[in-house]
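See below for the structure under consideration.
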Amino acid sequence: MSLRLGDIAPDFTQHSTEGDISFHAWAAGHWVVLYSHPRDFTPVCTTELGYTAKLKQAFADRGVKVIAVSVDDLDSHQRWVGDIAETQGQAVNFPILADADRKVATLYDMIHPNANDTLTVRSVFIIDPKHKIRTTFTYPASTGRNFDEILRVIDSLQLTDSHGVATPVNWKDGDDVIIPAALQDPEVLKAKFPKGYRELKSYLRYTPQPNR
Ligand code: BEZ
């Protein structure tokens, strides 16, 4: 059965470009972005890995560790990272799991046989510090993902956890956020949102981003 939001991300031990990794121990205390690549030496994947590496500080600022999966072996990965540095102007600075036995791809249901029966699709799992899966999405092999969107989702999840708010359509860090409809007690609202709020409907209220 496929993994769903709220499930605990399965633990595993696998080889990687940064040595063998026991996933839960490696992740300890961090958010994690775990994402799959159809295979080594493919053009779209090459651009994605280079761009993700350029976002290292942005991920670190949010307490996030990044880890990639590709169903090729370590020797292949080690040759590929050279090409990524050369063509993307950025060395890969996070582990790539060498999932030649497809242990991780199988555990996380990253191979969708009706798309391709050997390669993974482009899966993304955003996992919180309690190892809980908080976001998943799946793109086809031919479409590169938007890693700025992954950062935006992490910002939204972290804001929900820290301040109990939701984020509206196309929200980005700094924009007004939404007060959950279940919160109606005026005293609680005043205490939780001292900057005040705009009410369009009783269920649709905007407040300035609380941590700004
Ligand atoms: C790519 O990364 O470029 C790619 C991989 C598999 C199928 C299509 C494109």
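The values are calculated or read from the model by the stated rules, or taken from the named source; none is laboratory data. Being a predicted model, the structure only gives us computed values, none of them experimental. Every residue, glycine as well, gets a Cβ built from its backbone with ideal geometry; the counts of neighbours run over all protein chains shown.
Assorted remarks:
- Meets criteria (out of contact with any strand residue (DSSP E or B) (no Cβ under 8 Å at 6 or more places or on another chain), of a type in the set (Gly, Ala, Ser), under 23 Å from HIS131 (Cα atoms) and more than 16 Å from the ligand (Cβ to nearest atom)) for ALA9: no
- Pick from the range 16-29, criterion touching a His at 6+ places or on another chain (Cβ under 9 Å) and of a type outside the set (A, V, I, L, M), ranking: nearest to ASP99 (Cα to Cα): SER16
- Taking the criterion of being out of contact with any strand residue (DSSP E or B) (no Cβ under 7 Å at 6 or more places or on another chain), within 16 Å of the ligand (Cβ to nearest atom) and of a type in the set (Gly, Ala, Ser), the only residue of the range 54-81 that qualifies is SER76.
- Residues of the range 115-169 that are of a type in the set (A, V, I, L, M, F, W, C) and within 16 Å of the ligand (Cβ to nearest atom): ALA115, LEU119, VAL121, VAL124, ALA141, PHE147.
- Single residue of the range 14-44 satisfying the filter (part of a strand (DSSP E or B) and surrounded by fewer than 14 Cβ atoms within 10 Å (Cβ to Cβ)) that is farthest from the ligand (Cβ to nearest atom): SER22
- A residue that is part of a loop (DSSP other than H, G, I, E, B), more than 30 Å from TYR203 (Cα to Cα), under 20 Å from the mean Cα position of the chain (by Cα) and not acidic (Asp, Glu) occurs nowhere in the range 153-173.
- So LEU49, is it at pLDDT 95 or above and more than 16 Å from the ligand (Cβ to nearest atom): no
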